[in-house]
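Only the coordinates and a few stated rules stand behind these numbers; no lab work does. These figures come from a predicted structure and were not determined experimentally. All Cβ positions, glycine included, derive from the backbone under ideal geometry; neighbour counts span all protein chains shown.
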Amino acid sequence: MKINLLNNNIYKNIKNIGFTIVELMVVVGIMTVISSLILFNSSNLNSSVLLSNTAYEIGLIIRDAQVAGLGAKVIASDGNQNAATTSNQGVYFDIANSQQIIFFADLNKDNTYNNNEKSQVYIIENKAGKVLSICKPKSNNTCTDIIENVSIIFKRPNPEAYFYPKEENSPSGYQGNITINIGFDNGECRSITIYKTGGIQIDKIFCPTR
């Protein structure tokens, strides 16, 4: 009888173990919130990584133009080596085409991109942002002088950069530095600053304020 009574008590205790409907609903709700946060943060992280990669790729495109500008020669159409001439190399940015970057050979040496010049067009994917603004950075970490477009030109034999915004129409170009801000509207941003000396810096200093 003692053994049977003990078994009955164990059976009753086992029957009482479990979750109520309310408890299950609370647990499911918590798991849903946690899963949503993880997915949201994962999406933001992916966008941030893509944007950083895009900024460095643009920096490499500019660097390629610099290297090409130091050593590029254009061969005559008939293949005559003696008729080879040097060619300035450039990268063109335009707010009107915010997802397009043009690497071009400035064959006529007018310091700007023309549609008839040889070029290589790079397209920024939607998930990787776009060109938000082109501006002239100041020493106090502001970048308020917005310009619509700029040709960044490299000329032999110097590695320094020359900046030619179309609207300024100056034969000597802009003598300061230029910043290209890329990113998402009201979202993540990266600043690509090209210095007159030819140096390139990538950070967030000159990004537009949200």
Could you give the length gained on full extension between residue 203 and residue 184, defined as 0.36 nm per residue of separation minus the Cα-Cα distance, in nm? 5.3 nm
Taking 157-167, 114-124 and ranking on average Cβ neighbours within 10 Å, highest first, one gets 157-167, 114-124
Points 7 angstrom from Cα along the Cβ direction at residue 196 and residue 123: gap in nanometres? 3.8
Name the aspartates and glutamates eligible as straight-distance cross-link partners of residue 166: C-alpha to C-alpha under 12 Å, and not fewer than 8 places from it in the same chain. 94, 110, 148
